[in-house]
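Read through the structure below, which is laid out as structure tokens, and then see the notes.
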Amino acid sequence: MRILWRLYGYSARLLKTKLFRTTASNTSFPEVWLLLVQYFERVPGFFWVVQRNSFFTMPEILENKADIELYTPHPEVRGMTTLDRAAFKRTIVVPVLKVKKEVINKLLKSLKHTTLQRPGLKRVIDDPKDEDSRLVLLDPHKISAEYSLGESEQEILKQFSIDPQVSKYNLELTYDHFKTEEILRAVLPEGQDVTSGFTRIGHIAHLNLRDHQLPYKHLIGQVIIDKNPGITCSVNKINIIDNTYRNFQMEVLAGEANMITKTRENYITYEFDFSKVYWNSRLSTEHGRIIELLKPGDVLFDVFAGVGPFAIPAAKKKCSVFANDLNPESYKWLLHNCKLNKVDKKIKKFNMDGRDFLLGPVKEELTKELSLLTKERKNTLHIVMNLPALAIEFLDVFKHFLDGKPCSTDLLPTVHCYSFSKHDNPAKDVQERAEAFLETSLEGRCSTHLVRNVAPNKEMMCISFRIPAEVLFKKQCTQEESSVEPASKRLRPNEDSPEEK
């Protein structure tokens, strides 16, 4: 045995040579045995293996295991650009166990780690020679080369009085039995990356294909639809988000061309035309993080609201919400989603440029809120600016934004501003750029949060800070004035108050 393992190690090194054009990462045990057999087959009967009353040579086993990798579609599908499902059909040899049908269910529980597990494949099939028995399909990777079960499995069979003899069965695999990754790996040129991941938005699968995958884009799109129940349309982004409205051009790869979809995020339902608005399911966690910071009665100003992933859950949490988006389509679906989620009367909606929204409704409401608040107030003010490509450039709006004299930093509004960064230290980069637009230092007065990795060496960050008083107000209170508490005044809710609604 030690000699055989030495030969295995030597053969594995041979498989790295140009003759076989492979590397150590994909050198498989069957391939090595195939090399050994080719060397020793000149010795008559050298590799004969006996299994009870069945006799077969090692090359016969190798043909079953190594001719085509067990769960790989037929090699003829390589390079296919138009999906032909019938071409994926192939027959493999798998071990089977003959079992009386009355003990099948109990046996399957005990042998669950040994039976064959494939999409759409039955583990138990009829025995064509015995109607009182069934054939249990076993995983060839869990069975030894001699087609015998291990001691633990044999002990289980003994308990059920089952003959441990393992037979061979010709199993036909079809397109339905292969996984997405297996299909795409078999189709795309060898050595190229296989990307089977996508973002799901309702019935739509959104892919970002790489250049080498584009010749196979329609096939990839159809495979994604076939292998994911509920998906009826697959699309590929064909440009970056660089326009005013933050949406991007996309191409339908397969399925229906219906872009109006419905999706749920953090228990909220949203509907929109995916081709005309911005939506990113990968921001679900970030949306939830910001909402967790809010308390009932807080005020949220959403400068780039989109279809409402910050605004609507905030309103559900009984916050007073002001939501704005420049894109007419986003604004339309924001109105729709507010009604859909029954918060229409709790959100004031605007269709304006972000800067105009800040200088108009936000400034007006902040002036009113800060003039009426005291240290005893329990609600806070939040401004969300989720436009990573540009939002940080809007921060200069807050310079000398308000008149008046603030008396406590606790009353100042908190900004949550998003930005992309390709810097080695993205947190430092975002802070320095924010400071440049505010013309003040945020050291010790801000926090940065990594939202997600957008691309290699590109991060999406969120910087949060209370707007410094020296930035926000045209006239600051003196130290002497700040020591005097103003008379406590609290706004009583009226019929127009969000609390009443």
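The values are calculated or read from the model by the stated rules, or taken from the named source; none is laboratory data. These figures come from a predicted structure and were not determined experimentally. Quick reminder, even Gly has a Cβ in these numbers, built from the backbone with ideal geometry, and neighbours come from all protein chains shown. These accessible areas exclude ligands, DNA and RNA; they are computed on the full protein's heavy atoms, side chains included. Shrake-Rupley method; radii C 1.70, N 1.55, O 1.52, S 1.80 Å.
Just a few scattered comments:
- Expressed as a whole percent, the accessible area of the range 90-173 that falls on carbon and sulfur atoms is 45 (1.4 Å probe).
- Among the protein heavy atoms of the range 180-264, carbon and sulfur supply 47% of the accessible surface, probe 1.4 Å, non-protein parts ignored.
- Packing, taken as the mean count of other beta carbons within 10 Å per residue, orders the peptides 163-171, 332-340, 384-392 from highest to lowest as 384-392, 332-340, 163-171.
- Neighbour-limited loop hits for GluC sites (Glu not before Pro), the range 323-420 (at most 14 other Cβ within 10 Å; DSSP other than H, G, I, E, B): 376
- Lys, Arg +1 and Asp, Glu -1 on Cβ, resulting dipole of the range 180-264 about Cα centre, debye, nearest 20: 400
- Between the residues 212, 224, 192, the greatest Cα displacement towards the positive end of the dipole of the range 180-264, with unit charges on the Cβ of Lys, Arg, Asp and Glu, is found for 224.
- Taking amide H as placed 1.01 Å from N in the peptide plane, residue 454 has its amide H under 5 Å from the amide H of 459, 460, each at least 5 places away in sequence or on another chain.
- 3J(HN,Hα) along the range 282-298: 6, 8, 4, 5, 5, 4, x, 4, 5, 4, 5, 6, 8, 10, x, x, 5 Hz, from the Karplus curve 6.51 cos²θ - 1.76 cosθ + 1.60 with θ = phi - 60°, whole Hz, x for Gly and Pro.
- Over 24 Å (Cα to Cα) - which of 348/422; 89/109; 100/168; 316/378; 109/168; 106/142 fall in this group: 348/422; 89/109
- FRET efficiency for the pair residue 200 and residue 86, taken as 1/(1 + (r/R0)^6) with r the Cβ-Cβ distance and R0 = 35 Å, rounds to 0.80.
- The range 90-173, accessible area per residue, ligands and nucleic acids excluded (1.4 Å, Å²): 58
- Full extension of the chain segment joining residue 399 with residue 424 gains 6.1 nm, where the gain is 0.36 nm per residue of separation less the Cα-Cα distance.
- Karplus-based coupling profile of the range 337-345, in residue order and whole Hz: 6, 5, 5, 4, 9, 6, 10, 4, 8, with θ = phi - 60° in 6.51 cos²θ - 1.76 cosθ + 1.60 and x standing for Gly or Pro.
- Measuring between their Cα centroids, the range 265-294 and the range 149-202 lie 37 Å from each other.
- Residue 225 contributes an accessible area of around 30 Å² to the protein surface, as traced by a 1.4 Å probe with all chains present.
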